[in-house]
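Below: the structure, in structure tokens.
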Ligand SMILES: [Ca+2]
Ligand SMILES: [Ca+2]
Ligand SMILES: [Ca+2]
């Protein structure tokens with residue numbers, strides 16, 4: 001049986017990295033291949049990567065797990081996809097490694113220059129703390145941060161995760177749900193996460209699986 005993508009997401013660095021900045025994303029994408037463009041709106045690097053994986057015949061049809069990559073993750077993913085052919089993507093998906101790991105790590109761990117000339121590490125971008133003197137490292141972070149009513153921000157991955165992170169539950173308001181066969185409502189992000197949240201496992205049905213050689 002093919003592995004589902006939960007194992008892919010757990011063995012690659014989606015949780016381990018935290019990445020940053022449009023100029024680096026464009027630098028990453030200059031190598032041609034399957035990538036291109038910045039991390040904007042609905043066509044984020046993770047979605048481009050999953051599309052490329054499917055186009056290369058490396059996954060079955062079905063739903064991918066929900067993930068909320070950080071800025072650094074997105075830079076790394078963008079870099080990998082921009083440079084990878086289908087064989088490279090197969091190694092990345094099936095083995096969790098890429099021949100571009102080192103180069104992409106280098107690109108995505110560069111320091112970023114603030115407006116005043118100071119530099120900050122890439123992983124300070126969109127981390128919720130203003131590290132540049134004008135706070136520009138926290139601008140345009142809507143893909144990575146959720147803004148609570150009190151103006152503070154939390155990681156996007158904490159939105160709709162079942163925990164009240166804002167204090168008044170606004171990060172858990174209006175979250176999409178999925179109804180199990182027995183009527184139980186679960187959070188939609190629990191689908192295809194590798195755990196049976198419905199007693200009959202319906203939330204894990206119809207999920208994409210990796211197609212790996214051998
Ligand atoms: Ca910051
Ligand atoms: Ca939450
Ligand atoms: Ca589940």
I'm trying to understand the selection: among the residues of the range 93-109, which are in a loop (DSSP other than H, G, I, E, B), modelled with pLDDT of 90 or more and surrounded by 15 or more Cβ atoms within 10 Å (Cβ to Cβ)? 98, 100
Within the range 197-206, the residues that are within 9 Å of ligand 3 (Cβ to nearest atom) and touching a strand residue (DSSP E or B) at 6+ places or on another chain (Cβ under 7 Å) are 197, 198, 203
Filter result for the condition that a residue is in contact (Cβ under 8 Å) with a residue 60 or more places away in the chain, in contact with a strand residue (DSSP E or B) (Cβ under 6 Å, 6 or more places away or on another chain) and outside any loop (DSSP other than H, G, I, E, B), over 154, 120, 112, 186: 112
Condition met for residue 132 (touching a helix residue (DSSP H, G or I) at 6+ places or on another chain (Cβ under 9 Å), closer than 26 Å to residue 52 by Cβ and in the same structural domain as residue 44 (by TED's automatic domain parsing)): no
Identify, by number, the condition in (1) in a helix (DSSP H, G or I); (2) surrounded by 17 or more Cβ atoms within 10 Å (Cβ to Cβ) that residue 126 doesn't meet. (1)
Out of all the residues in the range 122-134, which are more than 8 Å from ligand 1 (Cβ to nearest atom) and modelled with pLDDT of 90 or more? 133, 134
Which of the following residues is within 15 Å of ligand 2 (Cβ to nearest atom), in a loop (DSSP other than H, G, I, E, B) and out of contact with any strand residue (DSSP E or B) (no Cβ under 6 Å at 6 or more places or on another chain): 214, 174, 194, 181? 174
Among the residues of the range 20-71, which ones are modelled with pLDDT under 85 and either buried (at least 21 other Cβ atoms within 10 Å of the Cβ) or touching a strand residue (DSSP E or B) at 6+ places or on another chain (Cβ under 9 Å) (or both)? 20, 21, 22, 23, 24, 25, 28, 29, 34, 35, 37, 39
Exception for residue 138 within (1) farther than 21 Å from residue 78 by Cα; (2) more than 16 Å from ligand 3 (Cβ to nearest atom); (3) surrounded by 14 or more Cβ atoms within 10 Å (Cβ to Cβ) falls at (1)
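The values are calculated or read from the model by the stated rules, or taken from the named source; none is laboratory data. Since the model is a prediction, treat every value here as computed from it, not as a measurement. All Cβ positions, glycine included, derive from the backbone under ideal geometry; neighbour counts span all protein chains shown.
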